Amino acid sequence: MKHLYLHFPFCTGRCAYCAFLSGPPPAAPAAYVDDLLHEAAERGFSSVGPLDSLYCGGGTPALLGERGFVRLRESGLFSLAEGAEWTVELHPAAVTEPLVRTLADLGVTRLSIGVQAFDDATLVRCNRRHTVRQALDAIAIARAAIPDTGIDLIAGLPGVSSTEWTQTLRRALSLDLPHISVYALSIEPESTWGRTGMSTPDPDALCDAVAEAADTLSAAGLRRYETSNYARPGLECRHNLNTWHGGDYLGLGRGAVSRLGCLRRTGDGIEETLSPEDDALERALTGLRLAEGFDLEATLARFPILAPYRERWAKRLDDFRAHDLLTADNAPTRRGYEVLDAMERELLR
Ligand code: SF4
């Protein structure tokens, strides 16, 4: 196994839009490492690796604390290959100098900070539990220890006007970051906003906000390499690229997803064995969201079981290009990104 995702399902509160599996932190968060070891052993892994990429996501992995991360590194749960990428997601309020210095010493190579907005009133509405000042300080502290530090933003948050969104993007760019993720807000029924009947953002306004992000960030040298992700060349997240290239990965922790051969394990621990054809379809079509373009012949060479789709897919891809949804290299255009799900459905019909 070359790619491992570790999920840390605890947070200090609940963001209003959050539909992820997450609860209050345990009394001793560092002890969660034992749960991960136990789960790995139960699933037949004594040590995972050598890994090309490790991603610690959440939840709030930082609640593990310095001692917890040292314990994680020394636990024998995983080994890292030479030049491995190790990403840790950080909540701004949890970033401290000792923590990021410890992470750097342990071999963490990338940090991803959930900033979401550059306006305190918006952060309060979202119940983010940090201020803009804290986010800016967190970014500065994190970059001093680990220069490959990026941020997440959310497009379409309620109360954010188009002018404020333009300012948000400008502010993000002024930080000269290597990586920015821009997620379009969706109101999931199980989130606080979903349960209280918050209406979904206007689809046209949301598309405009995402398109503006694409234009602004691309013009500043942050290439849109996937639907929601922008990076300076060479600083894309290799862990996520493996997933979008349809590669295998192991997920450990409550809420972690795994994809191992034809096995798909959801965050609820439900395992499903896909047919070889469904497995190949799922892996092949995730490539459609990448800016590197969908190479039909390479895909069919990799998944010979999909050969019967050749003619149909070639025709549909021609149609998508004719409608300006794909470029000549079969990468989504700006409009193509907006209708990616519909394109995927068309290919599956
Ligand atoms: S920090 Fe992330 S996982 Fe935790 S409540 Fe907020 S969105 Fe959910």
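All of the numbers you see were taken from the coordinates with simple rules; none came from a lab. Please read these numbers as outputs of a predicted model, since none were measured by experiment. Quick reminder, even Gly has a Cβ in these numbers, built from the backbone with ideal geometry, and neighbours come from all protein chains shown.
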FRET E, pair Ile270, Ala81, Förster distance 35 Å, beta-carbon r, rounded to 0.05: 0.70
Gain upon complete extension [Asp215, Leu260; 0.36 nm per residue less C-alpha separation]: 12.6 nm
Region 3-50 and region 77-120: distance between their alpha carbon centers, rounded to Å: 16
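Can you put Asp120, Asp202, Asp52 in order of Cβ neighbours within 10 angstrom, beginning with the fewest?
Asp202, Asp120, Asp52
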Sorted by Cβ density within 10 Å, fewest first, the residues Val339, Val100: Val339, Val100
Neighbourhood net charge (12 Å Cβ-Cβ; Lys/Arg +1, Asp/Glu -1) for Ala220: +2
Counted charge near Arg334, where neighbours are those whose Cβ lies closer than 10 Å (Asp, Glu -1; Lys, Arg +1): -1
Pair Ala301, Ala144: separation of 7 Å Cα→Cβ label points (nm): 5.0
Over the chain, relative contact order from alpha-carbon pairs under 8 Å, at least 6 apart, %: 15
Total formal charge among the other residues, if their Cβ is under 11 angstrom from that of Ser53, Lys/Arg +1 and Asp/Glu -1: +1
Leading residue at positive end of dipole, the chain (Cβ point charges), from Pro61, Ala205, Ala280: Pro61
